[in-house]
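Asker: Provided herewith is a single structure, encoded as structure tokens, for subsequent inquiry.
The values are calculated or read from the model by the stated rules, or taken from the named source; none is laboratory data. Just so it is clear, the model here is predicted, and its values are computed rather than measured. We place every Cβ from the backbone using ideal geometry, glycine too, and count neighbours over all the protein chains shown.
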Amino acid sequence: MAGGNAHEEPDLVPLLDLVLQLVMFFMMCANFVMEQVDQTIKLPVAQSAKPSTTGTDSDIVFLTINNKGEMLAVGRNHPLTNDDEVAVYLQGVYDDAKRRAGEAARKAGADPAQAPVETLVIIRADRAAEYSSVYRVMRKCSDIGLRKIQLRATVQLRG
Amino acid sequence: MRRKRKHSQGDNAKVEIPIPAMLDMTFQFLSFFILTFNPPSVAEGQMDMFMPAAGQAKAKTAEQVDPFALSNPENEPGVDITVAIESRLGVIDKLTVKEKENSTVIAEGNLKELKSVLATIRNEVGPANVKIEADGALKYEYLIAVMDVCLGVKFQSVGFSPPPDLIRR
């Protein structure tokens with residue numbers, strides 16, 4: 001037994017571990033959000049925009065269209081300026097999604113060739129972009145096989 | 001030549017890591033990240049839409065994709081109402097609501113009037129799909145404003161047609 005004069009210090013090491021883990025969590029979240037959601041894009045405002053329900057879905061592709069009509073994609077440093085670049089990028093996205101869907105179907109004992117591609121394409125276009133630029137991307141997504149498309153807008157509360 | 005380390009407190013001195021100082025600093029980092037953590041996705045909302053399917057289900061290669069190919073009407077979901085938007089300089093010049101043989105022209109892009117026309121049609125026809133047919137020069141902001149009106153009067157879904165001016169080109 002320790003005597004009455006024993007100087008007991010709290011063990012701060014586990015607390016430090018915990019706080020460092022929290023710091024890492026916030027740093028990683030901030031990075032992911034910054035990469036997917038370009039802050040320079042000014043989204044249009046809409047009252048009927050529903051709160052996003054796709055936060056945890058991993059099979060999502062964010063496509064950003066800036067005010068010049070150029071498409072920005074995650075992992076690409078430069079905007080995709082012409083139709084061919086956009087088509088090649090989207091074809092790559094589709095092929096990856098098809099491969100993943102095929103692997104999942106194979107594990108489940110189903111036919112990999114019949115596995116549907118469930119990738120959700122989220123288009124974040126700047127309010128100053130022209131409709132032709134946005135339509136071009138939507139049409140290409142649809143034609144390549146990425147049929148689940150969603151637009152993003154800033155939610156404006158009614159009243 | 002080997003140097004001997006000098007130990008002022010002897011070899012048995014215990015090296016202490018200043019845990020409280022590190023903890024203070026880490027708490028400051030944590031406070032910073034918590035205070036600056038403002039995910040924009042919280043302020044963002046989703047707007048569901050449909051794309052009329054093209055006649056060809058899927059292009060064989062990327063080169064074959066024609067972004068302005070007309071869709072095959074047989075593959076489209078039933079579109080009951082079309083909202084045509086004419087635009088030259090990016091803003092709405094003229095709105096036309098087409099429902100079967102009827103068409104209503106709304107001048108100067110008056111969205112309140114559009115809402116009232118669409119609400120009347122919605123009450124008459126019930127749940128229906130709307131297709132927006134806008135000129136390519138229209139700014140996305142105005143397109144979303146029209147889509148917002150369509151969804152606001154509780155139409156089932158909203159789709160988009162190719163810009164007519166680009167098809168003509």
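Asker: Please go through segment A:127-146 and give me each residue that is more than 7 Å from chain B (Cβ to nearest Cβ) and either without any contact (Cβ under 8 Å) to a residue 40 or more places away in the chain or in contact with a Pro (Cβ under 9 Å, 6 or more places away or on another chain) (or both), ordered by number.
Answerer: Of all residues in segment A:127-146, those more than 7 Å from chain B (Cβ to nearest Cβ) come to A:133, A:137, A:141, A:146.
Selection gives A:Val137 alone.
Asker: Next up: Just checking, which of B:Ala128, B:Ala137, B:Ala107 is more than 23 Å from B:Gln156 (Cα to Cα) and in contact with a Phe, Trp or Tyr (Cβ under 9 Å, 6 or more places away or on another chain)?
Answerer: B:Ala137
Asker: Does A:Ala108 satisfy being at pLDDT below 90, of a type in the set (A, V, I, L, M) and surrounded by fewer than 21 Cβ atoms within 10 Å (Cβ to Cβ)?
Answerer: Criteria met by A:Ala108.
Asker: A:Asp96: among the acidic types (Asp, Glu) and under 24 Å from A:Ala73 (Cβ atoms), yes or no?
Answerer: yes
Asker: Exactly one condition in (1) within 29 Å of A:Thr40 (Cβ to Cβ); (2) crowded, with 16+ Cβ neighbours inside 10 Å is not met by A:Gly92; state its number.
Answerer: Condition not satisfied by A:Gly92: (2).
Asker: Just a yes or no: is a residue in segment B:122-140 free of Cβ contacts under 8 Å to residues at least 24 places away in the same chain and within 12 Å of chain A (Cβ to nearest Cβ)?
Answerer: Taking every residue of segment B:122-140 in turn, at least one turns out to be free of Cβ contacts under 8 Å to residues at least 24 places away in the same chain and within 12 Å of chain A (Cβ to nearest Cβ).
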